[in-house]
Amino acid sequence: MTVATTSNEGSPILVAKGMVKHFPLAGGWLGRSNGSIAAVDNCSLALASGETLGVVGESGCGKSTLARMLIDLVVPDSGHVEIEGSAINLRARADVRRLRRTVQMVFQDSYASLNPRHTAVEEVAFGLSALGHPRREAMKRASEALRLVGLTPELFSGRYPHELSGGQRQRVNIARALAIDPKVLILDEAVSALDKSVQAQVLNLLVELKAKLGLSYIFISHDLDVVRFISDRVVVMYLGKIVETGPVERIYRTPAHQYTKALIASRLSMNPNKRTSQPPLTGDPPSPVNPPPGCRFAARCPIAEPVCRTTIPALHVMDNTVSHRAACCASIPGSGHTHAPAAIDHSEMIEAGA
Amino acid sequence: MSDLPVTPALVTSEISQTTAKDRRGYWRAVRRKFGRDPIAVTCALILVVIALAAIFAPYAAPADPYKTSVIRRLLPILSPGYILGTDELGRDMLSRLIYGGRVSLLMGILPVVIATLIGGLLGVIAGFAGGRINMVVMRIVEVFFAFPSVLLAVAMTGALGAGLMNCLVALSIVFTPAITRIAESTTTQIRNQGYIEAARATGASAIRIILGHVLSNVAGPILTYASSQVSVSVVIASGLSFLGLGVAPPTADWGLMLSTLRQSLFVAPGNALLPGVMILITSVSFNLLSDSLRTALDVKP
């Protein structure tokens, strides 16, 4: 599988190759499992320095599992992570330490993410103490981090989570991640639980922080408009697989994969005349326990053909734009699908695209 | 709403408020609430008096609790020289009750403390580790749930032999499983919370996470339960002594006194009931104290 990278903004700071995670199903005799859920199946992505990569997809498609594998909260079955060009060996303590200093994460549930017994400053300082900073220095840096996210330390450092609003709590979460001084921030549905006005404030804060601190973001969300606002590139996931990736405006204007098309069409239009009562997609995604053998979207796809149910499509360059790739039989030349363009020499096409 | 700009006037007023807040932690708030509860204070005072009397028994007791007198047997309460009368061997009841508090309080508190330490440790480890370790620890612990607690204590002391030390061991074993269960379930509940995950993402070690995040959240439920078990322990310990499985006869102990005075129940009912009254007062005080503690632990600092 090719690495879905390419950006003119800089060399990749974080690369994940061939990430796989299957969760065993419980319920077997004496804790033995009978089957497993393919949460993430052979996903690769690359994050350029200074870039924001949006990850979209419906619930249960493996977005969060993929994110957790990137910071070693979930141990991948296979695949590896590279940071600034060098691979991370998850068994080596020094490597894991480097990973954690470089990549940090902000979680969705702002309330559950904060210890109810810790004040804001204690919460932020905890990670710093864990990394070996003396308590006093940790507290000082924690205060600075709080100031950075717009929470005046004099006012907020002594507050407990229940004394903060949702937006303030999420700011504390961001401060906790930033206190470590990371280069990459993974935002897992970081603004999804907030109401719209607060969401906008936090998004603006994120944009501001990115410019100020030179961060790169992996922004996971099911909210397509938010992703469009903040991302440079987008990765679309379906049932544990990346089905399409490319520059954000290109994906939103000319989606190649049928799933992406349906996803984009599911957004509410600002134009009332364009609204329809017709759902762009019906049915539920198939069970990840026994995913269909061919294209995982075939069962719901409006243009599925027999070939889709037998071959697993790989990510393929779309319309001579190297950065835009989709995994759909209908757009892979020579796949046997009736919509597929005629087979062209692959190498020739890359040249043309580059 | 902090997300809006704050006016300077608001800032100054809130700063003074926050500096006051900074000084109060969670446990400070718990202590304050506890101190304002009249029932808690009354029960604490009663227990402190009993405990002080027991600790300083040689100074507090008016007479020698072991000095027998054939002619002064079973003197009624408020007899001259013997405020609470005498027992079936003519020993001063008040002195014996004061000395008896030593054994009873020790047997009430120590087993629960030991069980809390062992059970808390086992439960937090099992809950935090999860998976196979959790299964092994909890299945072993669950074996003890098959026996009623009194029966288990009786069987254990029976097997180990009577005596204070064996009683302590038996009672500690009786209380450990339930506390392990509570520590395990609360730890399992919070181990998948975002803040534990976030702490792991910063690279904190398991021990650091347990000390910094788990204990502060698990301590409340464990303390609440453990404190309610002190009264049970006092009663079971008295029961063991009553059955002759506890301390040996000359020693003053409420349970043992109840047992030996049983024969005099119809001759001098007041005297015979006194050790029971002491057990009642102590265990009820511990129970009410535990109730107040549970309420106090619910505070939001």
| field | Accessible area buried, both sides summed, chains A and B with 1.4 Å probe, Å² | value | 3100
| How many Å³ per residue does the convex hull of the Cα positions in the stretch B:213-301 occupy? | 104
| remark: In a Gaussian network model of chain A with springs linking alpha carbons closer than 10 Å, the residue among A:Arg141, A:Arg117, A:Arg300 that fluctuates most is A:Arg117
| Roughly how many Å² is the accessible area per residue of the stretch B:102-259, as a whole number, for a 1.4 Å probe? | 41
| query | Between A:Glu123, A:Glu189, A:Glu208, which gets the highest mean-square fluctuation from a Gaussian network model of chain A, Cα cutoff 10 Å? | reply | A:Glu208
| remark: Contact-by-burial set, the stretch A:155-192, min loss 40 Å², accessible area of protein heavy atoms with 1.4 Å probe, reference chain alone, gives A:Leu155, A:Gly158, A:Arg159, A:Tyr160, A:His162, A:Glu163
| request: Compute the long axis of helix B:164-191 from its Cα atoms, compare it with the longest principal axis of the Cα atoms of chain B, and write down the angle in degrees, 0 to 90, nearest 10. | output: 20
| remark: In the stretch A:65-128 the accessible area split gives carbon plus sulfur, as whole percent at 1.4 Å, a share of 47
| request: Would you pull out the residues with amide H under 5 Å of B:Gly246's amide H, same chain only if 5 or more places away, H placed 1.01 Å from N? | output: B:Gly163, B:Ser241
| How many Cβ atoms of partner chains, on average, are near each residue of A:122-132 if near means within 10 Å of its Cβ? | 4
| What is the helix-to-structure angle for A:196-213, meaning the angle in degrees between its Cα long axis and the longest Cα principal axis of chain A, kept from 0 to 90 and rounded to the nearest 10? | 80
| remark: A student applying the Cα gyration tensor rule (rounded when a/c is under 1.5; otherwise prolate if a/b is larger than b/c, oblate if not) would label the stretch B:14-151 oblate
| query | How far apart, in nm, are two points set 7 Å out from the Cα along the Cα-to-Cβ line at B:Arg139 and at B:Gln189? | reply | 2.6
| request: With θ set to phi - 60°, apply the Karplus curve 6.51 cos²θ - 1.76 cosθ + 1.60 along the stretch B:80-92 and write out the HN-Hα couplings as whole Hz, x wherever there is a Gly or Pro. | output: x, x, 10, 4, 9, x, 10, 9, 5, 10, x, 8, 5
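Once you have a ≥ b ≥ c as the square roots of the Cα gyration tensor eigenvalues for chain B, tell me rounded if a/c is under 1.5, and otherwise prolate or oblate according to whether a/b is larger than b/c.
It is oblate, given that a/c is not under 1.5 and a/b is not larger than b/c.
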| Of B:Ser264, B:Ser185, B:Ser216, the one that fluctuates the most in a GNM where chain B has Cα springs shorter than 10 Å | B:Ser216
| Helix A:120-130 axis, angle to chain A major axis (alpha carbon atoms, nearest 10°) | 80
| query | Using θ = phi - 60° and the Karplus form 6.51 cos²θ - 1.76 cosθ + 1.60, what ³J(HN,Hα) does each residue of the stretch A:16-21 get, whole Hz, x for Gly and Pro? | reply | 10, 10, x, 6, 10, 9
| note | Other residues with Cβ under 15 Å from the Cβ of A:Ala67 give, with Lys and Arg +1 and Asp and Glu -1, a net charge of 0
| How much net charge surrounds B:Tyr66 when only other residues with a Cβ under 9 Å from its Cβ are counted (Lys, Arg +1; Asp, Glu -1)? | +2
| query | Rounded to the nearest whole Å², what accessible area per residue is found for chain A with the 1.4 Å probe? | reply | 43
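The values are calculated or read from the model by the stated rules, or taken from the named source; none is laboratory data. For clarity, every value in this text was computed on a predicted model and none was experimentally measured. Reconstructed Cβ throughout: ideal geometry from the backbone, glycine too, with neighbour counts over all protein chains shown. These accessible areas exclude ligands, DNA and RNA; they are computed on the full protein's heavy atoms, side chains included. Shrake-Rupley method; radii C 1.70, N 1.55, O 1.52, S 1.80 Å.
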